C-alpha cells in the first residue's frame with residue numbers, strides 16, 4: 001500500500017483554517033494561524049460568523065454562494081476579500097471554501113491565505129495561544145541520501161536544525177550524520193534506512209537528536225525512495241523540528257482539528273514549496289493533478305512538472321511569490337492539461353519568507369468550454385449579424401439589449417439608438433400582450449410565434465412575423481425576437497384575398513346564372529305546355545269539341561311547376577315535410593321496380609339491406625325523391641358501359657371527426673344514424689366536378705335536368721342529417737345519406753271517408769298578385785262562399801276594421817308590399833282577437849308555424865294548393 005507524505009508540513013504552515021456551519025456560517029473551529037492573524041481567542045472567534053470578520057461579503061451573498069456549492073453548481077468557492085482584525089485593521093485575503101465533514105456532520109472548510117504585501121505587528125494573544133503558535137511553526141528541511149555512496153545532501157534548514165553552520169551543496173557522510181543522534185535513535189534510524197531500500201512503503205519516524213550545541217531535539221523524519229531502472233538509487237525526505245511543538249501540545253487541553261483530513265478533502269491541489277521551488281508536501285488532490293503518487297512528488301522541482309515552454313514562466317512567478325508578490329497564472333502539464341495556479345509566500349513572525357504555498361486546480365475542461373463558447377458565440381454572432389431577418393434582444397421589461405444590422409437598417413435607427421430604447425416604443429402591443437406582470441413574474445422559458453407591426457424611425461409601420469424565445473443568457477432572463485418583414489407577403493396575401501373574393505363572386509354569379517337558366521328552361525317548358533293546351537282548348541271549344549284533356553294537361557303542367565318550386569325550397573332548406581316513422585328497407589323495396597326502370601339497360605341494381613333496422617324520422621316522399629336522384633346520378637356515371645349500382649342500408653356511429661368531413665346541417669351532434677348508401681362503379685369525379693355537384697341545375701350532361709343532387713342535399717339537411725361523398729376518378733362514386741332515428745312514434749292522420757260539409761260565409765282574400773287573387777276567389781265561390789279581394793296588408797286591415805261582422809275568415813298572403821302579412825296579422829288581432837286568419841305562402845310551413853306559434857293563427861296553406869286542400873282548410877277553420 002502506498003504511504004502518504006507528511007501533511008503536517010501543510011497543516012502546520014501559516015494557512016488559516018475555519019470550520020463553518022453550512023446553514024448559518026458560524027465559526028465552529030479554527031486553527032492558531034487564523035486566530036493569531038485576527039487577534040482573537042478561540043472563544044471570541046467561535047462566537048462570530050465569517051461575515052462578521054469579512055469586510056466585503058454580506059451574509060446574503062455568502063449564503064447564495066453556499067447554496068450554489070451545496071446544489072452542485074460548483075465544487076468550491078474561490079474569491080478575494082478583506083478581513084478585519086480585532087483592532088479594526090484590515091488585510092487582503094484569498095478565501096477558498098469547500099464541503100467536508102467534522103464529527104460525522106457536514107461542514108464547510110474555509111481555507112484562507114493572507115495575501116497582504118506588508119505585514120504589520122500582530123496583536124498579542126494568550127500564553128497558550130502563543131505556545132500553540134510556536135508549536136505550529138517548527139523548522140522544516142529536506143534531505144537526500146545517495147546510494148551506494150551513502151552520502152547525505154541537506155538543505156539549509158537541516159544544517160540549522162542540527163546546529164551546524166550552513167554549507168550549501170555540502171555532502172555529509174552517513175556515519176558523520178549518525179553521530180548527531182543519541183545511540184537509541186542512531187540504531188532506529190539506521191535500521192529504517194536499511195529497510196527502506198527493500199520496502200517500497202514510505203515512512204515517518206520521530207527521533208531524538210543531540211545537536212552540536214549539546215541540545216536535545218525531537219525530530220520527525222519522513223523517508224521515500226527513488227527507483228531508477230528497477231534499482232533504488234537514493235532515499236529522500238524531510239526533517240521537521242518537533243521540539244517546541246511537542247512541549248506546547250503537552251500543555252494544551254481540549255480537542256484539536258484533524259487538519260490533514262481537511263487538507264485532503266480540498267477539491268484542489270495544495271502544495272508547499274521550499275524557496276528553491278522543491279515540493280515539500282501535497283494533499284491528495286495535488287497528487288491526482290499530476291497522476292502520480294503523492295510520495296513520488298516530494299522533493300521534485302515544481303516547475304519541472306510542467307511543459308518545457310512553461311517552466312521559465314513558473315520559476316519567475318514562484319520567485320515573485322517568494323518575494324512577497326502573490327501571483328495568479330496558468331501552466332500546461334506535459335500531457336497538455338491546464339492548471340490554474342495561485343502562489344503566495346508563507347512568512348514567519350520576523351517577516352522572513354520561508355516557503356511558498358501553491359493552490360491549483362485543473363481548468364482544462366473549463367478552458368475548452370470557454371473556447372467552445374467563444375467560438376460558438378462568434379459563429380452565432382456572425383449568423384445573427386449576417387441574417388436578413390431582424391434580431392432584437394430585450395429583457396422582460398422591454399429594455400433592448402442587442403440588435404443586429406438588419407434590424408437597424410430596416411427600422412432606421414443606429415445600434416446605439418436602439419440600445420437606448422424600450423421595445424414598447426417600437427411595438428407596444430407586442431410587449432403589453434406577451435410580457436405583462438404575470439409573464440414577468442414567472443420568467444419561465446417559452447417559445448411562441450405571432451404577427452404584429454413595428455414602428456419605424458420615420459413613423460411608418462412594418463408588418464412583421466415574430467418568432468420569440470424567452471430564455472436565460474448569462475444568468476439573465478432574455479427575450480430573443482427573430483422578426484421577419486412580411487410587408488410584401490401581406491400585400492400579396494391581401495391581393496390573393498381580393499382575387500379570391502372576386503373569383504368567389506364570379507362563381508356565385510355563375511351559379512346564379514346556372515340557377516336562373518335552369519329555372520327559366522324548366523318553367524318555359526311548363527309554360528309552353530300550358531299555353532299550348534290552353535290554345536288547343538280554346539280552338540276545340542269554338543268547334544264544340546271536348547276540352548277536358550287539354551285542361552288535364554294544363555293542370556299536370558301546373559303540378560310539375562309546383563313540384564319544381566318545392567325542390568327549390570328543399571334545396572334552400574325551406575321544404576315542407578311530413579315527418580313520420582319510416583322503415584327505410586320497406587321504402588326501398590316498395591320502389592325497387594321504379595329504381596330498376598330509372599337506370600340504363602347496361603346497369604344492374606343490387607340491394608344489400610341490413611335487417612332489423614330501427615325506424616327513421618323522415619318524410620317518405622322526400623327520401624324517395626332523394627334516393628331516385630342518387631340512383632339516376634349513379635346510372636349516368638356508368639353510362640353506356642356495363643356496371644352496377646349498389647344500394648346499402650345500415651346504422652352507424654358518427655363522431656365529430658366523421659361529421660366534419662360531410663355535408664351536414666348546422667350543429668349536428670354525434671350519435672347513431674341510419675344510412676342509405678348508393679354506390680356505382682362508374683367513371684368517378686374530377687375534384688373540380690366534385691366541388692360543384694351540389695350547385696343547382698349543375699350537370700356535366702345536358703341542361704333541363706332540374707335541381708338534381710342540390711335537392712338531395714337540401715332534403716338531407718332539412719332532416720337534420722348529413723351526406724358523405726366518396727369519389728375517385730376511374731373507380732366510381734359513393735353517396736352516403738345519414739338520417740336520424742325516430743324517437744317518438746309519429747301519428748298519421750286518416751282522412752277517412754267523411755262527406756264534405758256545406759260551406760257558408762264570407763272570405764276576405766289579401767294577395768298582391770292579381771292572377772292568384774282572382775283564381776283563389778273563383779275557387780272560394782265554387783265552394784259556396786262569398787269572396788272579397790284586397791291587394792295588400794293595409795287594405796286588408798282597413799276593410800276588416802270597417803266591416804268586422806261581414807268577414808268570417810281572412811285568407812292572407814305572407815309577402816305583400818306596403819304592409820306584409822305578418823304585420824297585417826298583428827293589426828287584425830288587435831282589432832279583433834277572435835279574427836280567423838289563414839296565412840298562404842310559397843315558403844316553409846314549419847317556419848311559419850314556429851313564427852306565429854301561440855299568436856292565434858287559424859291555419860297555413862302552402863302555395864300552390866289544390867281546390868281540395870283549400871276546401872279542407874276552410875272546412876276546418878269555419879266549422880271549428
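The values are calculated or read from the model by the stated rules, or taken from the named source; none is laboratory data. Please read all numbers here as calculations on a predicted model, not as lab measurements. Don't worry about glycine lacking a Cβ; one is built from the backbone with ideal geometry, like all the others, and counts go over all protein chains shown.
Structure summary
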{"item": "Any hit, segment 622-639, residues being part of a strand (DSSP E or B) and closer than 27 Å to residue 729 by Cα", "result": "no"}
{"item": "Qualifying residue in segment 601-614 (condition: within 17 Å of residue 738 (Cβ to Cβ), out of contact with any strand residue (DSSP E or B) (no Cβ under 7 Å at 6 or more places or on another chain) and at pLDDT 85 or above)", "result": "no"}
{"item": "Failed condition for residue 283, given (1) closer than 30 Å to residue 74 by Cβ; (2) surrounded by fewer than 18 Cβ atoms within 10 Å (Cβ to Cβ); (3) at pLDDT 55 or above", "result": "(2)"}
{"item": "Selection from segment 71-87 of residues that are out of contact with any helix residue (DSSP H, G or I) (no Cβ under 7 Å at 6 or more places or on another chain) and closer than 17 Å to residue 114 by Cα", "result": "78, 79, 80, 81, 82, 87"}
{"item": "Residue match in segment 343-361 (condition: within 19 Å of residue 75 (Cβ to Cβ) and outside any strand (DSSP E or B))", "result": "no"}
{"item": "All positions within segment 390-409 that are farther than 16 Å from residue 468 by Cβ and crowded, with 18+ Cβ neighbours inside 10 Å", "result": "406, 408"}
{"item": "Any hit, segment 443-452, residues being farther than 20 Å from residue 390 by Cα, out of contact with any strand residue (DSSP E or B) (no Cβ under 6 Å at 6 or more places or on another chain), at pLDDT below 80 and assigned to a loop (DSSP other than H, G, I, E, B)", "result": "yes"}
{"item": "Helices (runs of 4 or more DSSP H) wholly inside segment 21-113 containing at least 2 residues that are without any contact (Cβ under 8 Å) to a residue 12 or more places away in the chain and surrounded by fewer than 14 Cβ atoms within 10 Å (Cβ to Cβ)", "result": "59-70"}
{"item": "Close pairs from segment 535-563: first surrounded by fewer than 13 Cβ atoms within 10 Å (Cβ to Cβ), partner in a loop (DSSP other than H, G, I, E, B), Cβ under 7 Å, at least 6 apart", "result": "541/547"}
{"item": "Matching entry among 668, 657 (being under 19 Å from residue 740 (Cα atoms) and outside any loop (DSSP other than H, G, I, E, B))", "result": "657"}
{"item": "Per-region count, segment 715-733, residues without any contact (Cβ under 8 Å) to a residue 60 or more places away in the chain, more than 40 Å from the chain's Cα centre (by Cα) and buried (at least 20 other Cβ atoms within 10 Å of the Cβ)", "result": "0"}
{"item": "Selection count, segment 336-362, where residues are modelled with pLDDT of 90 or more and more than 18 Å from residue 282 (Cβ to Cβ)", "result": "2"}
{"item": "Residue among 330, 370, 335, 377 that alone is part of a helix (DSSP H, G or I) and closer than 26 Å to residue 288 by Cβ", "result": "370"}
{"item": "Residue tally, condition assigned to a helix (DSSP H, G or I) and either in contact (Cβ under 8 Å) with a residue 60 or more places away in the chain or in contact with a helix residue (DSSP H, G or I) (Cβ under 8 Å, 6 or more places away or on another chain) (or both), over segment 592-621", "result": "4"}
{"item": "Check on residue 677, modelled with pLDDT under 80 and either under 26 Å from residue 592 (Cβ atoms) or in contact with a strand residue (DSSP E or B) (Cβ under 7 Å, 6 or more places away or on another chain) (or both)", "result": "no"}
{"item": "Test result for residue 788, assigned to a strand (DSSP E or B), more than 30 Å from residue 626 (Cβ to Cβ) and modelled with pLDDT of 85 or more", "result": "yes"}
